[in-house]
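Have a look at the structure below before the remarks.
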Amino acid sequence: MRDDVLSGGFADTPVEAARAFRAALEAMARPGSIHRVEGARAPAPVSAAAAVLLLTLCDRETPLYLAPGHDVAPVRDWVAFHIGAPLVGASEAMFALGGWQALAPLDAYRIGTPDYPDRAVTLIAELGHLAPEGARLSGPGIRETARLSLPEVAAFQRNHRLFPLGWDAFFTCGDRLAALPRTSVVEAG
């Protein structure tokens, strides 16, 4: 196997995984907050933050969809070696990784069911820019309002109207991540 496949996992798994899980939880609990993470590296085009999320949130029982651009042999091999997550189509995924445009169409993903709203996909959208600016966020976990440089507004507004159904999203850029649960209200900035 190539070095880029074999390397890139956590060096001190218990400690780094705990820190990464805490950052992911904080990001989801406080929509719009941006967190730095470290300890993982995957082959291009996967960012360090996306690699950390995959290592922390996915396992052999977590169906993963790799969107075009991320569905390349080195990434598939890295996922197989470090995580073991089955690679599936968009409609079967519990997690989906890719650039925002490549993750489309968003109606291809699971949104849960009335009995099991937790059986929805979580998107991991790789962005070129992630900053506390742009769209205005409100709702659970946000004191008054927050701002986040979302790739668009309309898709998140449509998703929020589905609540308690709908998908959740993480955004990654380099070593930073943020999250937006379906409970958040999104308005144009």
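Quick check on my filter: what residues within region 141-182 are without any contact (Cβ under 8 Å) to a residue 24 or more places away in the chain, open to solvent by less than 60 Å² (accessible area, probe 1.4 Å) and part of a loop (DSSP other than H, G, I, E, B)?
The one that is without any contact (Cβ under 8 Å) to a residue 24 or more places away in the chain, open to solvent by less than 60 Å² (accessible area, probe 1.4 Å) and part of a loop (DSSP other than H, G, I, E, B): Ser149.
I'd like the full set of residues that are open to solvent by less than 40 Å² (accessible area, probe 1.4 Å), in contact with a Lys or Arg (Cβ under 9 Å, 6 or more places away or on another chain) and either assigned to a helix (DSSP H, G or I) or among the β-branched types (Val, Ile, Thr) (or both), limited to region 91-111.
Keep residues of region 91-111 that are open to solvent by less than 40 Å² (accessible area, probe 1.4 Å), which gives 93, 95-100, 102-103, 106, 108-109.
Subsequent filtering for residues that are in contact with a Lys or Arg (Cβ under 9 Å, 6 or more places away or on another chain) retains 93, 106.
Result: Leu106, single match.
Within region 25-33, identify whether any single residue is without any contact (Cβ under 8 Å) to a residue 40 or more places away in the chain and assigned to a loop (DSSP other than H, G, I, E, B), and answer yes or no.
Checking region 25-33: not a single residue is without any contact (Cβ under 8 Å) to a residue 40 or more places away in the chain and assigned to a loop (DSSP other than H, G, I, E, B).
Quick test for you: out of Arg76, Arg110, pick the one residue that is of a type in the set (Lys, Arg), modelled with pLDDT of 95 or more, closer than 17 Å to Leu123 by Cβ and in contact with a strand residue (DSSP E or B) (Cβ under 8 Å, 6 or more places away or on another chain).
Details: Arg76 fails: closer than 17 Å to Leu123 by Cβ.
Answer to the selection: Arg110.
From the list Ala131, Ala85, which residue is outside any helix (DSSP H, G or I), small (Gly, Ala, Ser) and buried (at least 18 other Cβ atoms within 10 Å of the Cβ)? Can you show your working first?
Numbers: Ala131 fails: buried (at least 18 other Cβ atoms within 10 Å of the Cβ).
Only one candidate passes the filter, namely Ala85.
Give region 57-82 a look and list any residue that's in a helix (DSSP H, G or I) and open to solvent by less than 30 Å² (accessible area, probe 1.4 Å), or say none. I'd like the intermediate steps shown before the answer.
Residues of region 57-82 that are in a helix (DSSP H, G or I), as a first pass: 57, 73-82.
If the condition is that a residue be in a helix (DSSP H, G or I) and open to solvent by less than 30 Å² (accessible area, probe 1.4 Å), then Val75, Trp78, Val79 are the ones that fit.
Against the definition (buried (at least 22 other Cβ atoms within 10 Å of the Cβ), within 20 Å of Trp167 (Cβ to Cβ) and at pLDDT 95 or above), how does Ala49 come out, yes or no?
Details: buried (at least 22 other Cβ atoms within 10 Å of the Cβ): yes; within 20 Å of Trp167 (Cβ to Cβ): yes; at pLDDT 95 or above: yes.
Yes; evaluated as a whole, the condition is true for this residue.
The values are calculated or read from the model by the stated rules, or taken from the named source; none is laboratory data. Predicted model only: the values in this text are computed from it and were never measured. So basically every Cβ, Gly included, is an ideal-geometry build from the backbone, and we count neighbours across all protein chains shown. For the accessible areas, the whole protein counts, side chains as well, though only heavy atoms, and no ligand, DNA or RNA atoms are used. Shrake-Rupley method; radii C 1.70, N 1.55, O 1.52, S 1.80 Å.
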